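One structure is given here, and the rest of the page talks about it.
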Amino acid sequence: MYYIKDAKIRRFTELDGVRCAEVEVRPGAADDPELLVYITARDQTDGQHDYDMVRIIRNDADLELDWYDNNLHSAFEEVTDKAFTDSTHITAGEEREKFKKELLSYGQLSTEFAKEFGA
């Protein structure tokens, strides 16, 4: 499981024509990489809003060596489909949902999402 030390919205942008938030997530464990998580709002059948993680980018850049933060080199790797794996106690889908809930409940992120997405 990925432990969140800090998370903040870097910007709101469009990804594949859909408005989303780019969230920078700093790990709580020393060996875990930083993540860029792209979150978008989706409507549910009951009229409520929910959020979906549409893309996850792993950032393995070392800011001491790679001080220019750009996502055009190999330090940034898309891991959306392989970020979560099955284990003996939890499935990949359950781990993904748990991470999403922890991320959405971190600090003021859900309030900022609600303001931006009108939820």
Does Y106 qualify as being open to solvent by 30 Å² or more (accessible area, probe 1.4 Å), at pLDDT 85 or above and of a type in the set (F, W, Y)? yes
Going residue by residue through region 32-55, is there one that turns out to be open to solvent by 70 Å² or more (accessible area, probe 1.4 Å), under 19 Å from I4 (Cβ atoms) and at pLDDT 80 or above? no
Neighbours by Cβ (under 6 Å, 6+ apart or cross-chain): first from region 2-20, more than 19 Å from K101 (Cα to Cα) and in contact (Cβ under 8 Å) with a residue 24 or more places away in the chain; second hydrophobic (A, V, I, L, M, F, W, C) and open to solvent by less than 100 Å² (accessible area, probe 1.4 Å): F12/A21
If I filter region 79-103 down to residues being of a type in the set (K, R) and exposed (fewer than 14 other Cβ atoms within 10 Å of the Cβ), which single residue comes out as modelled with the lowest pLDDT? K82
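The values are calculated or read from the model by the stated rules, or taken from the named source; none is laboratory data. The model shown is predicted, which means the values in this text are computed figures rather than measured ones. In this analysis, Cβ positions are derived from the backbone assuming ideal geometry, glycine residues included, and neighbour counts consider all displayed protein chains. We work out accessible area using only protein heavy atoms, side chains counted, and drop any ligands, DNA or RNA first. Shrake-Rupley method; radii C 1.70, N 1.55, O 1.52, S 1.80 Å.
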